[in-house]
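Take a look at the structure below.
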């Protein structure tokens, strides 16, 4: 039986690509996303066509008990979850404070912070019993610095990072690897950046950033690093790291 | 008419003491807390007995519209809010992940993060119209590092800090001073630390930390610094600072 | 006998202004700078004309034994040093790596890092015997993030900050207050920024930043904060804080 | 011709092990260390015995022109340097301020900060001409927080980190990957930790940390991560990451 890699937020960018990569390495990829059943099925078929194992789950992470049931179902029907890729985003675009509704602020938190807490609450006790497990958390620049218009996003991502440090403090000594990966730049992802910009502007950005598009973070290269993190020996674990394109300014520069 | 200093979380520790101090400096202190009407009335009387101006409000910050109405009422009945001291804590004690309920996790966020967002949403537009205002936010070590058992608290406080940076980015250029004050140590506060430890253990700690209790952070000294922050000229504002007793280890040391 | 405030780097910006302020509060200000004897004498006379106490010392901090002798002479001839304002800058302007000579890199370190180590080595044992003392260290954005062209400056200032944390860890429990003050923006200082820009460009910047020049950090307002730090009660000390004008972006924003 | 991996500080811990690993991956490893010619020769022979390419250089990095000549000689005699592993340590053990001589403080800086500057000054222009190169810098907890007794070490390592950020800001857009790797825990390294503790105490620590010694950071596992960093695609580079054993507290916890 293949070990299971559970991916939350398995769109056409980092999430789906990482899931594909883990499937290639022998994991059963359980790919979860909120919408676009067609896209999800295509991703699953794609993996299976390359002799990989995958299943797809459409679910709304912020609804009650969805994540809790997802973990229970996966463990029962697919197998023990060895790796979780927590890739739910909560970027709602820049909004001034007065344009940020209480509802939007809360939704960001439910997606970025509370969902991780619920997922971890469901899966960490199981990993603890098995004495091992990996929790790879995609994070954003907003986790380490607030910015104009980022009230909801930064508050939620800042919470995510502190939660990761707290999870790490409790579970690292029990053999569970929690890694917070700061994606500090634009990702070449049609489902998120592409939709935010629209097709023309997205294509223009890709061309402007270089023929190989390597001025944008490439999801398949992110997958290399996620796989490396999942393979790190427990004597030598990374808890926090950043990723950005060579041509981008790190968040601390201007 | 005195300028107004609105204090959220005006117990017998930092909040009430800072309120008293601003009243002494000529502000009308509007002191808000969730419970202990008697204690609140005593604090108000105490200020008035020294010729200061104060009013007390009992309110539950996490309930719908309480903070929004508080701001509206204060502006209408007392006067323009010049300084907000946001002093709501969300320390629920160390709890392992499996002992941290979804409810507790959410409550921490409602207290530490969402309340600040709601308060800022209500008061910042008014301050913006007036071209000035000060928002002093008491924060905790958990805002900058997660720790074992601090899942809920650290996630909420990390969100608080990133929200402060986002508020600062939007409102500092508009003349509103947002300061995030990291209280990095035990405070000589009977209402919080005292209740957490119980009277005997609290007294023992005070004695162990020195005859003048200066091994604990003294609320009246915190008030000195809060007042200084509120008086800083806008050419020279502090956004982030820490406070701890000389005898305490900073959070980054061990 | 007045307590002594020793200022390293007492030019017409932060250093001299802070010295003046401490003199006004009853300290004997010992003002040290490398050059401009005339300016130094004028500053001393200015303080004395307001019934303050001051003396001036011309010295090159990077030369052997200058700082060590300064501390010894001051203690013997003026009195116990209660406050040190360490205000030596090491900004050499942006230079590409290949334009940064080994000599320039080393000089930055001698000014920004090694001088602080030497000064602290001379004065902290004396403060330790007296069970009190304050070391206020002016620092720069380069202490917390490197930037293009800042190889020498950032390396030196990063060292300064880590040294401050190390000094704090050893000496705070012994009653010595070490504060690292991050000056995160342009200072309205004719001796440093003024010389770097030249008189016309400096004046243009001042005008562009507002009639009251409050878009630049004002040295006299910095002095308010330095004085506050020196007066903080040891129960409630700040080790790190930032200062910038309301109109400036914090270093973490863009 | 094999690409060249230049290792500074190639002892029996991280440096030598990383060099071995790069040799195995097809690099010519140029291994440099200050002393123990025998150990160095053994390491070179060991690599060659496994059909790898390696050469050894004994040199004192803090002496004038050693690093500059090393780069020139390597480029001329071995080939273009593609990867630098900068692994010079500067840990002198905990010393109180008064036990930290000016000489020791300066030596730490020469090793940890200035040597990196000199090495980068020599090699970055060559890498820039070739449009690529990798600079992997081993760093220590002291780069991000000062601690009691760490005056010299923290000042030097803090400088190292800020220098890495400055190098990254200038050279990342030119295709040169600079990574700062925070080794945040004890390494299972006989040459450094072993010598510091002595053979008996070192063995006791290894046994206490687990039969597989995985409570200590294992150099061969560090090599996995260094290799991964060197292989990261330039669209997706890590500039800062940490490494520690699962059983160790991160520096921000206690």
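Using only alpha carbons, segment C:138-210 has a radius of gyration to Kirkwood radius ratio (Rg to Rh) of 1.12.
Over all distinct Cα-Cα pairs of segment D:90-186, the Kirkwood formula returns a hydrodynamic radius of 14.0 Å.
Shown here is the pair-distance distribution of segment D:109-254: with all Cα-Cα distances grouped in 10 Å bins from zero up to the longest one, the shares run 11, 35, 35, 16, 3 percent. Residues of segment A:1-23 falling in the label zone of residue A:130, defined by backbone nitrogen less than 14 Å from a point 7 Å along Cα to beta-carbon, are A:1-7. Max-minus-min Cα coordinates of segment D:1-70 on each principal axis give 34, 25, 17 Å, with the largest extent listed first.
Every pair of different Cα atoms in the protein assembly as shown enters the Kirkwood calculation, which places the hydrodynamic radius at 29.8 Å.
The Cα-based radius of gyration of segment C:37-160, divided by its Kirkwood radius, gives an Rg/Rh of 1.03.
Residue-level result for chain B: its Cβ closest to the axis carrying B onto D, with that distance in Å, is B:254, 2.
Taking every C-alpha pair closer than 8 Å and separated by at least 6 residues, the mean separation divided by the residue count of segment B:60-116 gives a relative contact order of 47 percent. Note on residue B:231/residue D:59: beta-carbon distance plugged into 1/(1 + (r/R0)^6) with R0 of 56 Å gives a FRET efficiency of 0.45.
With the Kirkwood sum run over all distinct C-alpha pairs, segment B:78-124 has a hydrodynamic radius of 12.4 Å. When residue A:65 is represented by a point 7 angstrom out along its Cα-to-C-beta vector, the spacings to that point in the other copies are 3.2, 7.9, 8.2 nm, nearest first. Normalised by the number of residues in chain D, the average gap of Cα pairs under 8 Å and 6 or more apart makes the relative contact order 19 percent.
How big is the gap, in Å, between the Cα center of segment B:116-154 and the Cα center of segment C:9-50? With segment B:116-154 and segment C:9-50 each reduced to a Cα centre, they are spaced 39 Å. For chain D, the convex hull spanned by the alpha carbon atoms encloses 130 Å³ per residue.
The distance between label points at residue B:24 and residue B:99 comes to 4.0 nm (points 7 Å beyond Cα on the Cα→Cβ vector).
Rounded to 0.05, the FRET efficiency of the residue C:76 and residue D:197 pair, given R0 = 35 Å and the Cβ-Cβ distance, is 0.20. Protection proxy ranking, highest mean first, for peptides D:68-74, D:157-163: D:157-163, D:68-74, where packing is the per-residue count of other beta-carbon atoms within 10 Å, averaged.
Size descriptors for segment A:200-248 (Cα atoms only): Rg and Dmax, in that order, 14.3, 47 Å.
Modelled label positions at residue D:35 and residue B:41, each set 7 Å beyond Cα in the direction of Cβ, lie 7.8 nm from each other.
Where a number appears in this text, it was derived from the coordinates with a stated rule and is not lab data. Computed from a predicted structure; not experimentally measured. When we count neighbours, we look across all protein chains shown, and the Cβ atoms used for this are built from the backbone with ideal geometry, even at glycine.
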